[in-house]
Amino acid sequence: MIELLAQTGLNALYAAAYMSLVAVGLVLIFGVMGVINFAHGELFMMGAYTVVALYTDFQMPYVLVVGLAVMFVGALGIFMEWSMFRPLRDNPLGGLVASIGFLMILQAAVSMGFGVRMEHVPPVTQEVIEFSDRVRLPVQRLVVILAAVVLLAALWAFLKKTRFGWALRASAQDREAAALQGISIRQTAQIAMFIGAGLAGVAGALTAPLISVNPHMGHSVIIAAFIVIIVGGIGSLEGAVIAAVIYAFVHTFVTTFYDGVVADIVGLSLMLLVLVVKPTGLFGTADRA
Amino acid sequence: MPRSLIHVLAWPLLGVFLIALPHVLSFSQQEILAYLVFNVLLVASYRLLTLTGEWSLGHVVIMGVGAYGSALYTKHFGVPVPVSMLLGAGTAALIAMVLSYPLFRMKGFYFLIGSFAAGEIIRLLWKRYREPFGGPKGLKRIDPMPDIDIGIWSFDFFEPVSYYYFALAVVAVCLWIMWRIERSPVGLTFHAVHWQDNLAESAGVNVRAYRTLAFVIASGFAGLSGALMAHYIGTINPTSFDVEQMVFVLTWAIVGGTATFYGPILGCVVLTILNEIVLREMGFEQMRPMIYGLVMILSVLFLPKGLESIVQRLVGRKPAPGALAEPTRMEDRA
């Protein structure tokens, strides 16, 4: 029993790691641009398909491929900002609808390029850390956990310590006041979009060998990410990370002891409960909401 | 031709056109036409909901409640089919009533996400419980409409044309009722709740009660649309009502525009023709979602007031009083 708990805990830790990468990106984009990016799950998918294309098919080194995935998906994010979110700045619902349209385009493009069947990504490393017979942690999962910790720490340092980070936080708090201080809203929006999309891309690229890669994989990711950002308080980066950990543990444990559908229902009910009781989320403040 | 004559002739002409239409179409196009009628009811009921300013992502699931409800009433209680449809619609309205208690504590973006969560929970319950919902495979062999003989006319409802006439009559009545509701004092209050909720509240309007009322009425009609669909195709499953279907409804409403009664209907008809007739028959099967997505993006970018704004320009009419530039003022309240 203890072994099962320990193993489930490790699985939850891994789920928390990639969920927080996705959710933090979503929150960052919402914070700076005020738009909900429905296509965020598909950016995650694009990261995974970069691995399918370059690593599985072209046999390029995995580390290089992950770097390219970040660049590629980040560039997609900048493209979204330029083509949709900037012209629709004063129309949040329009931005949301446009991102749904973009989601359908990405899904169709991938279906046409790779087919709708599940892609198999060969494991990068077969190594497994064995704590005991039944408590095992594949190294690939450890990599995801470590990458999440490093990247989120780097993001935190960037936001709190650099001038760009200050500018980003300033325009998230008050766009016009930030513009009056000489901060380029266009530039900060593009940086936020690159980082937000890039985080989704790296999460997709790192988890690609571990999950089933298919054109519709973004669906469950975006639902989980919504739950996480609502529970954490929309607009709060720290809240998103903490909520990702809470959600991942609840979801993984319920999946292990009941089943996946029940876990989804529990997660959604948790979100509904937070929305009813404290719509600003567990860590959001009233004025940010 | 004098303007008044057009007005007198418009409705009979439309009626004749809709009655004659199936006879010039192929069998598969007739089936699409029947679907189009269900969807027109769905999207028109969606607009009724958006009148108070709230955009729901759970509307298709509510439609599914009507479909599952009606199918289960015939299956387990032997209720005859047309009656079960009304019961299904009533069930959808009832579920909406229950959901309104948590959901209308939220507004704007939170309502959007909250309605999505509530809908997904219902959908996952259908998926989880084999009894009575049939699990992931859903319900099969749903009772069809019984045949009707009225004197010289006999209707066999396995024929798409017969079912189309039946659905057309039902939907026409529903649209008329919704139109009357919108023009009634209640409907005007819906507008007030949307555009001036603080003012309406200070004038003694119970804003939340009116939001709930719009939600419940819209859900009833959506449920009826689902019931019409269920007894036509005979099989429903949780995937028939997933968020992808919701995206289509949202697109119809946005592309058509929601400032007028006919806007969403126009969006639904135009996009369905584009989707089914043009794209499918031209052999762009795989590219269809991509083109659909592109149409969505282009229409929010370049036609933010929807197709209805083109019609208004052609007819030369001023937009309705409630119709302002942006589709919603979500930013004020989010």
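The values are calculated or read from the model by the stated rules, or taken from the named source; none is laboratory data. As the structure is a prediction and not an experimental result, all values here were calculated from the model. Glycine gets a Cβ as well: all are built from the backbone with ideal geometry, and neighbour counts include every protein chain shown. Protein only, heavy atoms only, side chains kept; ligands, DNA and RNA dropped before computing areas. Shrake-Rupley method; radii C 1.70, N 1.55, O 1.52, S 1.80 Å.
Could you check B:F158 against (1) within 30 Å of B:Q29 (Cα to Cα); (2) not in a loop (DSSP other than H, G, I, E, B) and say which number it fails?
(2)
Output yes when any residue across the stretch B:249-257 is among the hydrophobic types (A, V, I, L, M, F, W, C) and more than 14 Å from chain A (Cβ to nearest Cβ), and no when none is. First the steps, then the outcome.
The first filter runs over the stretch B:249-257 and keeps only residues among the hydrophobic types (A, V, I, L, M, F, W, C), leaving B:249-250, B:252-255.
Adding the requirement that they be more than 14 Å from chain A (Cβ to nearest Cβ) leaves none.
No, every residue in the stretch B:249-257 fails to be among the hydrophobic types (A, V, I, L, M, F, W, C) and more than 14 Å from chain A (Cβ to nearest Cβ).
For the stretch A:227-250, how many residues meet the condition of being open to solvent by 10 Å² or more (accessible area, probe 1.4 Å), part of a helix (DSSP H, G or I) and more than 14 Å from chain B (Cβ to nearest Cβ)?
So the answer is 8.
Considering only residues that are facing chain B (nearest Cβ under 7 Å) and touching a residue at least 24 places away in the same chain (Cβ under 8 Å), look in the stretch A:251-279 and name the one that is surrounded by the most Cβ atoms within 10 Å (Cβ to Cβ).
By that ranking, first place goes to A:M271.
Go through (1) within 14 Å of chain B (Cβ to nearest Cβ); (2) assigned to a helix (DSSP H, G or I) and name the single condition A:F38 misses.
(2)
Considering only residues of the stretch A:16-35 that are small (G, A, S) and more than 14 Å from A:I223 (Cα to Cα), which is farthest from the other protein chains (Cβ to nearest Cβ)?
Out of the qualifying residues, it is A:A17.
Within the stretch B:292-311, how many residues are open to solvent by 20 Å² or more (accessible area, probe 1.4 Å) and more than 8 Å from chain A (Cβ to nearest Cβ)? Full working, then the answer.
Residues of the stretch B:292-311 open to solvent by 20 Å² or more (accessible area, probe 1.4 Å): B:294-295, B:298, B:301-305, B:307, B:310-311.
Subsequent filtering for residues that are more than 8 Å from chain A (Cβ to nearest Cβ) retains B:298, B:302-303, B:305, B:307, B:310-311.
Adding up the residues that qualify gives 7.
Identify, by number, the condition in (1) within 14 Å of chain B (Cβ to nearest Cβ); (2) open to solvent by 40 Å² or more (accessible area, probe 1.4 Å); (3) small (G, A, S) that A:A75 doesn't meet.
(1)
Can you confirm whether A:F283 is open to solvent by 60 Å² or more (accessible area, probe 1.4 Å), in contact (Cβ under 8 Å) with a residue 60 or more places away in the chain and under 21 Å from the mean Cα position of the chain (by Cα)?
So A:F283 fails the test.
Can you tell me which of (1) of a type in the set (A, V, I, L, M, F, W, C); (2) open to solvent by less than 40 Å² (accessible area, probe 1.4 Å); (3) closer than 20 Å to A:S111 by Cβ is the one A:A224 doesn't meet?
For A:A224, the failing item is (3).
For the stretch B:116-174, enumerate the residues that are among the polar types (S, T, N, Q) and either surrounded by 15 or more Cβ atoms within 10 Å (Cβ to Cβ) or at positive phi (or both).
B:S162
For B:G204, work out the one condition from (1) outside any helix (DSSP H, G or I); (2) more than 30 Å from B:Y101 (Cα to Cα) it doesn't fulfil.
Only one criterion is unmet by B:G204, namely (2).
Looking at (1) modelled with pLDDT of 90 or more; (2) out of contact with any Lys or Arg (no Cβ under 9 Å at 6 or more places or on another chain), which is the only condition B:G64 fails?
Just one mismatch for B:G64, condition (2).
Could you please let me know if B:G66 is on the phi > 0 side of the Ramachandran plot, surrounded by 14 or more Cβ atoms within 10 Å (Cβ to Cβ) and under 21 Å from the mean Cα position of the chain (by Cα)? First the steps, then the outcome.
Details: on the phi > 0 side of the Ramachandran plot: no; surrounded by 14 or more Cβ atoms within 10 Å (Cβ to Cβ): yes; under 21 Å from the mean Cα position of the chain (by Cα): yes.
Here the answer is no, as B:G66 does not meet what is asked.
Mind checking which residues of the stretch A:100-140 are of a type in the set (S, T, N, Q), facing another protein chain (nearest Cβ under 10 Å) and either touching a Leu at 6+ places or on another chain (Cβ under 7 Å) or crowded, with 20+ Cβ neighbours inside 10 Å (or both)? Let's see the steps before the verdict.
Initially, the stretch A:100-140 is screened for residues of a type in the set (S, T, N, Q), giving A:107, A:111, A:125-126, A:132, A:140.
This time we only want the ones that are facing another protein chain (nearest Cβ under 10 Å), so: A:107, A:111.
Result: A:Q107, single match.
Scan (1) outside any loop (DSSP other than H, G, I, E, B); (2) more than 26 Å from A:G31 (Cβ to Cβ) for the single condition A:D133 breaks and write down its number.
Here A:D133 meets the rest and fails (1).
Inside the stretch A:78-101, can you point out the residues that are touching a residue at least 40 places away in the same chain (Cβ under 8 Å), assigned to a helix (DSSP H, G or I), closer than 22 Å to B:G108 by Cβ and among the hydrophobic types (A, V, I, L, M, F, W, C)?
Residues satisfying the conditions are A:F85, A:L96, A:I100.
Of the conditions (1) part of a helix (DSSP H, G or I); (2) away from chain A (no Cβ under 14 Å); (3) modelled with pLDDT of 80 or more, B:T239 fails just one. Which one is it?
Looking at each condition in turn, B:T239 falls short on (2).
Could you please give the count of residues in the stretch B:215-234 that are open to solvent by 10 Å² or more (accessible area, probe 1.4 Å) and either more than 10 Å from the chain's Cα centre (by Cα) or among the small types (G, A, S) (or both)?
7
So, of the residues in the stretch B:264-276 that are hydrophobic (A, V, I, L, M, F, W, C) and open to solvent by less than 60 Å² (accessible area, probe 1.4 Å), which turns out to be nearest to the other protein chains (Cβ to nearest Cβ)?
B:L271
I need every pair where a residue in the stretch B:94-111 that is farther than 15 Å from A:K278 by Cα and more than 7 Å from every other protein chain (Cβ to nearest Cβ) has its Cβ under 7 Å from the Cβ of a residue that is aromatic (F, W, Y) and in a helix (DSSP H, G or I), sequence separation at least 6 or different chains.
Every condition considered, the pairs that remain are B:A96/B:F215; B:S100/B:F215.
Out of the stretch A:210-226, which residues are within 12 Å of another protein chain (Cβ to nearest Cβ) and in a helix (DSSP H, G or I)? Explain how you work it out, then say what you get.
So the first thing to find is which residues in the stretch A:210-226 are within 12 Å of another protein chain (Cβ to nearest Cβ), and the list is A:215-216, A:218-220, A:222-226.
Those that are within 12 Å of another protein chain (Cβ to nearest Cβ) and in a helix (DSSP H, G or I): A:G218, A:H219, A:S220, A:I222, A:I223, A:A224, A:A225, A:F226.
Could we say that A:T188 is surrounded by 17 or more Cβ atoms within 10 Å (Cβ to Cβ), free of Cβ contacts under 8 Å to residues at least 40 places away in the same chain, in a helix (DSSP H, G or I) and of a type outside the set (D, E) here?
For A:T188, the condition - surrounded by 17 or more Cβ atoms within 10 Å (Cβ to Cβ), free of Cβ contacts under 8 Å to residues at least 40 places away in the same chain, in a helix (DSSP H, G or I) and of a type outside the set (D, E) - is not met.
Please find, within the stretch B:178-196, the residue that is farthest from B:F38 (Cα to Cα) out of those that are free of Cβ contacts under 8 Å to residues at least 40 places away in the same chain and open to solvent by 60 Å² or more (accessible area, probe 1.4 Å).
Out of the qualifying residues, it is B:Q196.
Among the residues of the stretch A:197-209, are any under 26 Å from A:L137 (Cβ atoms), at pLDDT below 90, open to solvent by 20 Å² or more (accessible area, probe 1.4 Å) and away from every other protein chain (no Cβ under 14 Å)?
Looking for residues that are under 26 Å from A:L137 (Cβ atoms), at pLDDT below 90, open to solvent by 20 Å² or more (accessible area, probe 1.4 Å) and away from every other protein chain (no Cβ under 14 Å), one finds at least one in the stretch A:197-209, hence yes.
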